[in-house]
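Nothing in this text is a laboratory measurement; each read-out follows from the coordinates by a stated rule. Here the structure is a predicted model, which means the values were calculated and not measured. For neighbour counting, all protein chains shown are included, and Cβ atoms are generated from backbone atoms with ideal geometry for every residue, glycine included.
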């Protein structure tokens, strides 16, 4: 491979593509993609993995050579991009490919091509739609709760008062707990015999209160724990917006004799709108991925009433060992998330064009 | 009646006193300027009038009513902020309309008022734009428009022109003056720019360290400054202030020792009653006249730096013992660096300030 | 010359005393962008915060209770505290009457500290450098790269868990420190890049240019001038990254081995293994586990709260 002579830019695309030069990154990319596909199809997984990895390294090398000196920024950015590529993009692409086969992790034979069968099975599986339904209900409930509680908390902390710092940290602690602890302890709190919730209700009704054995009860239980944990996150974002409003705007509004409600809508809200949308996006994404808490609190129960999609993917993959099928399901979930993200970005950029507080 | 009155107003911020026993009276239609360096308490005073700060002591009366305990939205005042405080998410039209919501006018009436004000301040072309998309000057006019569209008890301006460039300032000065004239409301303008104060105000209150050193018309603060501070603050180039020993009055001339040189200068008759001792003599650069003949009635100095200013020339001179003197001469008179100058003055241009800084004058 | 002052007016009684008080509180001057509110709000905020904090408080309380006390009905607020749970975290008998053995939790705590600490530091290092690159040397596809980076944060873990699991098994990374650290670093990178980039974007360039003219190399400019100004962003990234990796469960569950197990995984085994959850023990583990996070957050709180104010979307 040489770097000596430039391949003229007017040369046909194909010639540029296959030019054996160290900075020919499009060529290396093509080699990587084709090579990986061939390797997966014809070689055992262990071998194909290393072949694919070697080609990936080759590609990375060409990118680095291409960037050296010419793009300082590229070099600075490269380690991060490389790590992301290896740990994220590469597995993503691989699993995408995998979803077209019928690979099962616990069987040694090479996978065979099944095309879109996995996807078809998943989309036509009524259980999948049921889980999706569960997930959506949980998402709507918990995100709404988090936005409302987070917003109210932010309003509370939007002014300076004695002990504010200390109280703020108190409110932030739920975020710092591990899911395991929260899951376990909320199970404890919800327990009919010695849980705090039941005992509190018993003070009023005299009967133990069983929350987690009804469909809606367990949903509320999960939502309560999740919203409790993550409302502080929403609070932080909204608080950032509230605090960034210049004080003199409120002074001017006071002099203009403007009502508090109108002050909020015309002055405060534009500052926090963007951040609230961001909080909404992040929490919705996270809610769709809801796994840890459900796994620990109810394990999908009662029955399968609270089994989320993420939980199902886990089950199918690790308990039933239907690796490829679960991959297909996971990709459908990914697709949903991407659609949501794009919707958000569409709204966010449209807002940015309209009226951004300068 | 649109009036403002402050009686013995004091404002503390913890241990720091920003405004000290300040009394001020602004009548309807009068424009008073609070002028002074940063930290003198002028903005605090304005905010006390607005209700954004609460007076620690004293009375704040607007339109004759004591409003110490009233919030800003109850006082019916209009204020133009230094940073304009335009609502970023609203268009110019909505910004101007904002204070009218509480009046619950008919939509056409409100729109009519907005249109009239927009015409007055030449904002018609930007009515539907956002504050982030208009120029500095336009932002300033919108801030003024928002104040003027109402019928408040008084107008308060906080350094309204400080963020504009020099040419824009000149234009806006006259525009604001015209607008205010038509409205006959008590107005208080806070500024640190003496040119603004001199041109826009009916009376100027010069403040330092929380007190008003002098409040009088532009002419009076210029021609008859009450203290050394006022004298040095007003006037460009700055007034010459010389330390001297006062030794008595003779034939209408005071005998002084300036830098150990005995000098006789014509002074105001009241100086005769002054006790001998340390004084400060103030003479404006344009009041000094170059005199050819040597006489004890002049101040001697050596020219050091010559600054041509176009129609005039500013000469920096130094006395034998190092005191700075600035003289402004018409450009026809040629002065060279190193020339010895003899500077004469007149009685009414020679200001004598006693050891406490107060002017000695009839 | 000077104005004459009218005779002072006598004091007038305030008409509405409570309103007086409220207004006086409200008109108080403040020096920051956040206006003052006074002790009234402290009271309300304290009530809300304490209620909000209560479940956490109960966990900490439970860690001092004996097994019987923890299950007591009605719930006990007052009891004789014991430290036996904290001891049992590290040494206990796995079955009634059995020998007291080391639980290995000391190792698990170390693992959590080590893995989280290293991955956060790595993410900070790589991410800050990358963010600097994105900010100062915009590439042609900058927006695209940034969008992709942001979306990787949004991916459900489930999507990548399977191939990563296979990948780790195949390459022998499963159960090693290197593997899980690399993975966690990758988790923290998008947030680090995004946050630090928005901070770098805000910096004024004149100072850097002046330093360059004075002869400083790019590296010195970066360390001596840029970094000190973005401490708030570094703090925010550290705290959020730490919280994320510290409590991470799913990947740790599947990818860490016996030697590299982290505390959350060990905690879940404690629940599963014993008959009847030993709540006191679990609470003790969690309380101990909570301490490092709180320490870090507290230490960085000044910078962190500024970070939340300035690091988010600013157009």
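Quick notes on this one:
- The sum of -39500 (n - 2.57) across all DSSP H runs of n ≥ 4, divided by the residue count of chain A, sets its helix-only mean residue ellipticity at 222 nm to -22500 deg cm²/dmol.
- Only helices enter this figure: runs of n ≥ 4 DSSP H residues, each worth -39500 (n - 2.57), summed and divided by the residues of chain B, yield -6500 deg cm²/dmol at 222 nm to the nearest 500.
- Residue of A:39, A:60, A:80 that the Gaussian network model of chain A assigns the largest fluctuation, springs spanning Cα pairs under 10 Å: A:80
- Distance distribution P(r), chain A, all Cα-Cα pairs, bin width 20 angstrom from 0: 21, 43, 30, 6, 0 percent.
- With respect to chain A, whose longest principal axis is taken over its alpha-carbon atoms, helix A:196-205 is tilted by about 30°.
- Residue with peak Gaussian network fluctuation, chain A [Cα springs, cutoff 10 Å], from A:238, A:223, A:114: A:114
- A simple spin-label model places pseudo-atoms 7 Å from Cα toward Cβ; at residue B:336 and residue A:216 they are separated by 10.5 nm.
- As a proxy for reagent exposure, ranking A:276, B:1 by other Cβ atoms within 10 Å from fewest up yields B:1, A:276.
- Angle between chain A longest axis and helix A:179-190 axis [Cα atoms, degrees, rounded to 10]: 30 degrees
- Whether chain B is rounded, prolate or oblate, judged on the alpha carbon gyration tensor where a/c under 1.5 counts as rounded: prolate
- Label point at residue B:135 placed 7 Å out along Cα→Cβ; residues across the stretch B:167-195 whose backbone nitrogen lies under 15 Å: B:167-173
- Here is the size of the protein assembly as shown from its Cα atoms: Rg then Dmax, 38.2, 125 Å.
- Förster radius 22 Å - calculated FRET efficiency between residue A:54 and residue A:96 (Cβ-Cβ, nearest 0.05): 0.60
- Cα gyration tensor shape of the stretch B:30-181, rounded if a/c is under 1.5, else prolate or oblate by comparing a/b with b/c: oblate
- The order of B:316, A:260, going from fewest to most other C-beta atoms within 10 Å of their C-beta, is A:260, B:316.
- Residues residue C:213 and residue B:184, FRET efficiency given R0 of 60 Å [Cβ-Cβ distance, rounded to 0.05]: 0.55
- Springs join every pair of Cα atoms under 10 Å in this Gaussian network model of chain A, and among A:191, A:256, A:117 the largest mean-square fluctuation is at A:256.
- Of all DSSP beta bridges in the stretch B:4-225, antiparallel share, percent nearest 5: 55 percent
- A:298, C:144 arranged by Cβ crowding within 10 Å, fewest neighbours leading: C:144, A:298
- When the Cα convex hull of the stretch C:118-268 is projected onto planes of every orientation, the mean area is 10.3 nm².
- Rounded to 10°, Cα long-axis angle of helix B:166-183 versus longest principal axis of chain B: 60 degrees
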